[in-house]
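The values are calculated or read from the model by the stated rules, or taken from the named source; none is laboratory data. Owing to the predicted nature of the structure, the values given are computational and were not obtained by experimental measurement. Note that we place each Cβ from the backbone using ideal geometry, even for glycine, and neighbour counts take in every protein chain shown.
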């Protein structure tokens, strides 16, 4: 079948020396990949290797509060290498747990956006007509607004509908949903475009004649052909999703201080910035920046590698 | 200034044939090599190519895609795209070397001495500027005319290439012209500074068949009137037969045959050219089957030893596998084939010729 | 064999404008629907407006007075009509009229966005052109690397770092608030006082940096694409001077698609301002919106939404018109815009 071959071809091309060669030969990309993997490992192993459990109030003691980082000042303590905040929470451990949350939310929302976008794009492109028109109008309107505004809106709506306590409990899911809902449009459009192209090809018409159901046709034949562009969008989106979540948390409408992400940590630390305790904000900030930078570099490389025009 | 083609012979059709004993050739290409360094090694796209073009002559350069004809043309105008580069050889225009000129010097040569026409007239013109503006700009770059005089010249050029209503259409934008008209504008642009040589890279390939003939006729006429030589690169033998005085056949980056057009067409001296000519259907004769050359042109990374064509040649001998033939006299022109050498192709090879 | 006729510019343009206007109205209505939905159905407006111990009878009376039991379409039309007059009721949080709150803070946001846009344009476009023309030079590569950092840093982080550096450590610039302003009519402006301008610097840079890097990368990649086109090759083949090629042909072709993006960026700047305003405690509509989200102050949220929708629609329309004017190809066709959203 044409599509099977198309996907198989793509896969083999990807594993072919071209991409691998361009990966190996670009020092920045290799470093970026290494850094990303390191951060991911650190984050997911947090429960195991973090020196402290900063979000278990029982383990905290105020006397540990506001310790500066070890190498900067003689007040430092090696058991809190990056310092502590005003409640005695270890910054290093906070960062590890926080990164974990940031990554989870980031990846999850990209997956949500992808699934939603691909589904809607397939439906819209394949069935056409009113369904298509409606979906695309919604997409157009949504695109008028920047993603963060959409995410804020959704969060605001949820907040209005349920009590604030309950909201904190399910905050992670709300945020994932909000961010996912604000990014689906690009996927939908791209997929729809591909569907429109493939729809008229003979193998689809043949499949229809045989009597295959539309779902089967869409998933088995059209979907493999859009993997490339979708991946490209996903790589751009991951960095954006992480930033969006961090921004929402910073603004106080994202993850709460009971399960903070890097953005929340930065917000908590920001309040102490003026009085000179800069490490509570800056270290999570640096981590966030490095993480997103590494993700973007990888994304850039992947895009260049997949772009047939630049080969 | 153009050399004088007087005292030249005339062939049967009345075309003036520049004889070999005229003034020094307008363009000399000697042992040109164009390389592409890639991660897989260096690709040799143009391999030891030599030819000459006399003033006012039309040289056709024909061959399959990938044979190196476009690159040769680009090397001559100095517009090889990096990482491609001229690795060896010389290109001389009226005796002066132009392959090693600094960018600024070469820029002055382009347009004023050598012009170029590319394949797609739509993408060759800047869509945001009117045709007149693009003409006037080129004219003023090379000839020091006032804006008004330049515009008049532009209008005249448009008339010359056969655009009706030139005075109004000069202010139109490229998308307002049809394909054939656009190519005429492109020809006008190429000629507006009065160059002595035009490199035309597949000028008719992107046009409708009905328009092709008109554009080719126009090109031919203008070049004759302005005494401009043409290097006509194309894969279409029909166009060559119509227009060229001499033709060079390229294969795998080398010239395999070069000579007067009628000679080459009627009595091909190289087995590849033979195959090419035989594969063109013609209304005149009735043939059982069109000739087909088995196999395909080798990739640039896999050029065989000896003669590049040998794997597909039905007349090869042992010598062809080992020694690479240079162009040698054959019939009325030259061909790169041991068949025309006194020592011949060597012993016969048993078995079928392998296909590339 | 003659070419197409000269298009009737005015007629095509008029048709195009009309079509876009209708689309804009449709978008506004759609935004209005979302706003209305928020306004009416998220949470109970009555509960938010009256105290806990107000008797049911009074609540019922209030319901009647506000027409909350009318059929939805009627309420929707009323909502839209009110919105068209700028009437959004009272804030749940402060009980002030929403439109007054917004109007008070609008100049702050608009001025900030304007400065940020100016910064992004004046620095981003030239940098993009430069890195596009000389992509292999070391300075270009350096700028590319910096730009990558620019789009990886979240805006709030940039703000924090700038504050840390220029306010806390160097003490050169103020770290929050709007500084000194001058009131002219209903507008308050920073531009007429040094202290006012000073307060604008850090927030503008923070807000504009992301757009700057986006612009720079866009201009660069457009430039690179343009330099690879056939018409540039042909221009070189005609022996045109580098200056004529780079700034005459290439630049113009590069900037045409950039215009759309730039215009749309201005719109998103106004929306993105909310992050910067929070970091710098800048009293604009963005900060107001954040507060309203935190407190579920629905009327303000709805009003902000419509306002932003309005801005975006106007900007989109203006950009489309501009595109039409600049690209001669569009004037001859049926006004289909070649750009993308």
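Quick look at the values:
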quantity	calculated
Subset tally (residues that are assigned to a loop (DSSP other than H, G, I, E, B), more than 13 Å from chain C (Cβ to nearest Cβ) and in contact with a helix residue (DSSP H, G or I) (Cβ under 7 Å, 6 or more places away or on another chain)) for the range B:134-168	1
Test: residue A:249 is within 29 Å of residue C:277 (Cβ to Cβ) and surrounded by fewer than 16 Cβ atoms within 10 Å (Cβ to Cβ)	no
Residue match in the range B:169-192 (condition: within 14 Å of chain C (Cβ to nearest Cβ), assigned to a helix (DSSP H, G or I) and over 19 Å from residue B:117 (Cα atoms))	yes
Test result for residue A:160, in a helix (DSSP H, G or I) and either in contact (Cβ under 8 Å) with a residue 60 or more places away in the chain or closer than 22 Å to residue C:268 by Cβ (or both)	no
Hits in the range B:80-117 - residues which are assigned to a strand (DSSP E or B), touching a strand residue (DSSP E or B) at 6+ places or on another chain (Cβ under 8 Å) and closer than 21 Å to residue B:33 by Cα	B:85, B:86, B:87, B:88, B:89, B:90, B:91, B:92, B:93, B:97, B:114, B:116
Single residue of the range C:1-26 satisfying the filter (at pLDDT below 80 and at the interface with another protein chain (Cβ under 9 Å from one of its Cβ atoms)) that is surrounded by the fewest Cβ atoms within 10 Å (Cβ to Cβ)	C:5
Subset of the range C:173-208 [part of a loop (DSSP other than H, G, I, E, B) and over 17 Å from residue C:281 (Cα atoms)]	C:185, C:186, C:191, C:192, C:193
Every residue from the range C:142-172 that is in a loop (DSSP other than H, G, I, E, B) and either in contact with a strand residue (DSSP E or B) (Cβ under 8 Å, 6 or more places away or on another chain) or surrounded by 18 or more Cβ atoms within 10 Å (Cβ to Cβ) (or both)	C:153, C:154
Count of residues meeting criterion [within 11 Å of chain A (Cβ to nearest Cβ) and farther than 30 Å from residue C:251 by Cα] in the range C:282-327	20
Hey, residue B:92 away from chain C (no Cβ under 14 Å) and without any contact (Cβ under 8 Å) to a residue 40 or more places away in the chain or not	no
Checklist (1) surrounded by 22 or more Cβ atoms within 10 Å (Cβ to Cβ); (2) in contact with a helix residue (DSSP H, G or I) (Cβ under 8 Å, 6 or more places away or on another chain); (3) at pLDDT below 90 applied to residue B:187, failing item	(3)
Residue count, the range C:269-281 (criterion: more than 7 Å from every other protein chain (Cβ to nearest Cβ) and buried (at least 19 other Cβ atoms within 10 Å of the Cβ))	8
Of all residues making up the range C:106-145, the number that are in contact (Cβ under 8 Å) with a residue 12 or more places away in the chain and over 16 Å from the mean Cα position of the chain (by Cα)	13
Residue among C:232, C:184 that alone is free of Cβ contacts under 8 Å to residues at least 24 places away in the same chain, more than 22 Å from the chain's Cα centre (by Cα) and away from chain B (no Cβ under 14 Å)	C:184
Qualifying residue in the range B:21-28 (condition: in a strand (DSSP E or B) and at pLDDT 85 or above)	yes
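Results for (1) more than 17 Å from residue B:333 (Cα to Cα); (2) under 13 Å from the mean Cα position of the chain (by Cα); (3) modelled with pLDDT of 85 or more; (4) part of a helix (DSSP H, G or I), shown as yes or no for each residue.
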position: B:214; (1), (2), (3), (4): yes, no, yes, yes
position: B:221; (1), (2), (3), (4): yes, no, yes, yes
position: B:225; (1), (2), (3), (4): yes, no, yes, yes
position: B:240; (1), (2), (3), (4): no, yes, yes, yes
position: B:269; (1), (2), (3), (4): no, no, yes, no
position: B:275; (1), (2), (3), (4): yes, no, no, yes
position: B:294; (1), (2), (3), (4): yes, no, no, no
position: B:297; (1), (2), (3), (4): yes, no, no, no
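Matching residues to (1) over 23 Å from the mean Cα position of the chain (by Cα); (2) crowded, with 22+ Cβ neighbours inside 10 Å; (3) at the interface with chain C (Cβ under 10 Å from one of its Cβ atoms); (4) at pLDDT 85 or above:
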site: A:121; (1), (2), (3), (4): no, yes, no, yes
site: A:126; (1), (2), (3), (4): yes, no, no, no
site: A:131; (1), (2), (3), (4): yes, no, no, yes
site: A:148; (1), (2), (3), (4): no, yes, yes, no
site: A:156; (1), (2), (3), (4): no, yes, yes, no
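Condition check ((1) out of contact with any helix residue (DSSP H, G or I) (no Cβ under 8 Å at 6 or more places or on another chain); (2) within 14 Å of chain B (Cβ to nearest Cβ); (3) in contact (Cβ under 8 Å) with a residue 40 or more places away in the chain) across all residues:
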| site | (1), (2), (3) |
| --- | --- |
| C:220 | no, no, yes |
| C:236 | no, yes, no |
| C:240 | no, yes, no |
| C:257 | no, yes, yes |
| C:267 | no, no, yes |
